[in-house]
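Here is the structure we will look at, set down as structure tokens.
The values are calculated or read from the model by the stated rules, or taken from the named source; none is laboratory data. Owing to the predicted nature of the structure, the values given are computational and were not obtained by experimental measurement. Every residue, glycine as well, gets a Cβ built from its backbone with ideal geometry; the counts of neighbours run over all protein chains shown.
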Amino acid sequence: MKLLEYQAKEVLASLGIAIPPGKVAPTPDEAAEAFETLGPIAVKAQVPVGGRGKAGGIKLARSAEEARKAAEQIIGMDIKGFKVPLVYCEAALDIAREIYLGFTVDRDARANILMLSGKGGIEIEQVAEESPGAIARLYPNPWRGPLDFELTQLVYDAGLGDLARPLVALIKKLYRAIPEYDALTAEINPLVVTANGDVVAGDAKLEIDDNAAWRHKDLEAKYGSVIEGDPYEVEAKKRSLTYVSLDGDIGIIGNGAGLCMGTLDLVQRAGGKPANFCDIGGGAKAEVVENALAVILMNPRVKGVVINVFGGITRGDEVAKGVVTARDNLKMKLPLVVRMSGTREEEGRKILRENGIEPGASGWEAAKKIVELTSVGAPVTGTATTGAA
Amino acid sequence: MSILLDRSTRVLVQGITGREGGFHTEQMQELGTNVVGGTSPGKGGATHLGVPVFNTVADAVKATGANATGIFVPAPFAPDAIMEAAAAGITLIVCITEGIPIQDMIRVKDFLRGYPEARLIGANCPGLITPGQAKIGIIPQRITSPGPVGLVSRSGTLTYEVASALSAAGMGQSTIVGIGGDPVLGLTFRDVVELFEKDPATTHLVLIGEIGGSDEEQAAELLARGSRLKAVAFISGRTAPEGKRMGHAGAIISGNRGTAKSKEEAFRHAGVAVAETTDEVVGMLT
């Protein structure tokens, strides 16, 4: 789960990290009210994705009227596929220095990596590319966390020795997001040193491991519903499906992430555009297939669906019966191509054919077939290969 | 011959009395795997599927001489199960369980540094099979056949797809290893390729990779130094859209590695043929 900035800041504050005073504003009026209590504010779009500043999602307001106007412009705006549900109004900071502080999982090292740099701000990736030495790094022991002397070294390596004492204390607090919240990434960029010498979190990014959601039900309950994601993804989550929306028009269902991703590749190679990624996992039970089809058919752009099931132990006849039942229950009229293999695959293919669904011989054949059936000018119903009931 | 696993391997099943553990133990036995026992805390002393059940892995190792294990316990308990197996002296640990929190796996990986003899496969993987001899995990034996092709893969179902196509074309497999798709896992592509390189029965190699991380690039670097294996690689996810990134931390450490393009280029540079679809793999191997 990727938290919004204000949510991440609430978590940081609970760990003892200083954050600027701020107020969540779901409406322009509330943004104007925030100005009355906070004075000059930054009005910031709340979306779980980077690059909102460059997209026009952050505006400075020096009056209540400006705050209202900024919020009017930002709320409802689309930033990289996310509709902005609300703004966060935060007291403007008198910035003296900007520092980068973050940790993430380094896949190659199979470890967490802590990073600190005196060259914070939005150009940090460029800094990483051009002068990697400007970013100090530490791999803390995952059982005991970083020790004081290790953090002191990190701070001096980053050239921030004059701030050693406050930074060591602050990094220890941030690190607690790992054992306490199963954070995969936590980033404060910029970490601001104000003109008064205070060290406060200017921005905050926090991603919590979905695999550990059972340990953090409180977070999910508090923040899970605020993020307005893609409506199909929201529905898929309710039905416990692994689903990602894409911008094409061919629905994709596969069992196993690799096979599903491979099916996307095949459809694209055949000249089609996938509308989604949907992994139904092992087993391919009728109920799961129906759930997946139901979500995919919610999307009016979808012109056809391809199902790719490789059954090792899964029985082909059961998969086929499940697909037919799901299609009939949903009264699906769009072209449907099913590729399946596994034990009793011949019986399965026979069931599909008897019900007017042409089985694809391989993933590639199925991909070509669905692209052909959904392309302009193709007969939509009436052929043996369509799923017309 | 084969790598990691053969008929003589003495296999334990952690979670043998569970539904998944029980079902797959029977499949493993059907192939002829030497399953010597299982564990299920509180059920020690019982017999299940014809083998003794123990409360702990240490007890099981003492009584049976087990040297390998398959883990089929739920995600909240799997990290401890892996460490228990390593501490008991098991040298091949195969964890099928999916959904283990990443921070738990990072701690497990650190723990395993104290047990250099222990090799972990997975988690979140289909396991491994030496066709005609033995398997630990869930790879269906009916799609495999004995032969000279080593197969290593990050994806479960794509492994089945390719194994099935190889078998249909009369190209059997020495050992098939599904290393799993999690970001923090046990054996890497590179580790498994090194083992195949040393196995005289393996003459061909198929690598099925995925976008993300740079395990494929590292295996390619190894193969580029010279290999006796005729190899084909396939990378899935070449058309996957870029993830919606939130912070900069990921980009700072990985740069432009991890894309399908970077992986395919690394393999081509190493003299490994790159298939565009899994259907092409068999043809390119001959």
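Quick one: is A:V234 at pLDDT below 90 and more than 30 Å from A:K285 (Cβ to Cβ)? Judged against the criteria, A:V234 is not a match.
Restricted to the stretch B:271-286, and to residues there that are in a helix (DSSP H, G or I) and not hydroxyl-bearing (S, T, Y), the residue that is surrounded by the fewest Cβ atoms within 10 Å (Cβ to Cβ) is B:G283.
Within the stretch B:70-113, how many residues turn out to be of a type in the set (F, W, Y) and more than 21 Å from B:A134 (Cβ to Cβ)? Lay out the reasoning, then the answer.
Initial filter on the stretch B:70-113 (of a type in the set (F, W, Y)): B:72, B:77, B:111.
Checking which are more than 21 Å from B:A134 (Cβ to Cβ) leaves us with B:77, B:111.
The total comes to 2.
Among the residues of the stretch B:115-128, the one identified as within 11 Å of another protein chain (Cβ to nearest Cβ) and modelled with pLDDT of 95 or more is B:L120. Restricting A:D157, A:D210 to those that are surrounded by fewer than 20 Cβ atoms within 10 Å (Cβ to Cβ), more than 17 Å from A:S14 (Cβ to Cβ) and touching a strand residue (DSSP E or B) at 6+ places or on another chain (Cβ under 6 Å) reduces the list to A:D157.
Of all residues assigned to the stretch B:138-155, at least one qualifies as being in contact (Cβ under 8 Å) with a residue 60 or more places away in the chain, crowded, with 21+ Cβ neighbours inside 10 Å, of a type in the set (G, A, S) and under 16 Å from B:A123 (Cβ atoms).
Look at B:T159 and say whether it is more than 14 Å from chain A (Cβ to nearest Cβ) and either buried (at least 23 other Cβ atoms within 10 Å of the Cβ) or closer than 22 Å to B:H24 by Cα (or both). Write out each step before concluding.
Numbers: more than 14 Å from chain A (Cβ to nearest Cβ): no; either buried (at least 23 other Cβ atoms within 10 Å of the Cβ) or closer than 22 Å to B:H24 by Cα (or both): yes.
Answer is no for this residue.
When the residues of the stretch A:124-139 are filtered to those that are of a type in the set (A, V, I, L, M) and more than 8 Å from chain B (Cβ to nearest Cβ), the one that is surrounded by the most Cβ atoms within 10 Å (Cβ to Cβ) is A:V127. In the set (1) within 14 Å of chain B (Cβ to nearest Cβ); (2) closer than 22 Å to A:R315 by Cα, the condition left unmet by A:L246 is number (2).
So for the stretch A:167-182 (the condition being of a type in the set (S, T, Y) and in contact with a Pro (Cβ under 7 Å, 6 or more places away or on another chain)), does at least one residue qualify?
Within the stretch A:167-182, the subset of a type in the set (S, T, Y) is A:175, A:181.
From what is left, the residues that are in contact with a Pro (Cβ under 7 Å, 6 or more places away or on another chain) are A:175.
Within the stretch A:167-182, one or more residues are of a type in the set (S, T, Y) and in contact with a Pro (Cβ under 7 Å, 6 or more places away or on another chain).
I'd like the residue in the stretch A:260-290 that is polar (S, T, N, Q) and in contact (Cβ under 8 Å) with a residue 12 or more places away in the chain and, out of all such residues, is nearest to B:F234 (Cα to Cα).
Quick first cut of the stretch A:260-290, residues polar (S, T, N, Q) only: A:263, A:268, A:276.
Narrowing further to those that are in contact (Cβ under 8 Å) with a residue 12 or more places away in the chain: A:263, A:276.
Details: A:T263: 13, A:N276: 22 Å.
Looking at the filtered set, the residue picked out is A:T263.
Taken residue by residue, the stretch A:63-75 has no member that is hydroxyl-bearing (S, T, Y) and assigned to a strand (DSSP E or B).
Selection of the stretch B:167-201 for residues being surrounded by fewer than 24 Cβ atoms within 10 Å (Cβ to Cβ) and over 30 Å from B:P79 (Cα atoms) yields B:S167, B:A168, B:A169, B:G170, B:M171, B:G172, B:E197, B:K198, B:D199, B:P200, B:A201.
Having 3 or more residues that are touching a strand residue (DSSP E or B) at 6+ places or on another chain (Cβ under 9 Å) and closer than 28 Å to A:D106 by Cβ is the bar; report the strands (runs of 3 or more DSSP E) wholly within the stretch B:1-103 that clear it. Explain how you work it out, then say what you get.
Numbers: elements: B:11-14, B:35-39, B:51-54, B:68-71, B:92-95.
In the stretch B:1-103, the matching strands (runs of 3 or more DSSP E) lie at B:92-95.
Filtered by the rule that a residue be outside any loop (DSSP other than H, G, I, E, B) and β-branched (V, I, T), the stretch A:271-309 gives A:V288, A:V289, A:V295, A:I296, A:V305, A:V306, A:I307, A:V309.
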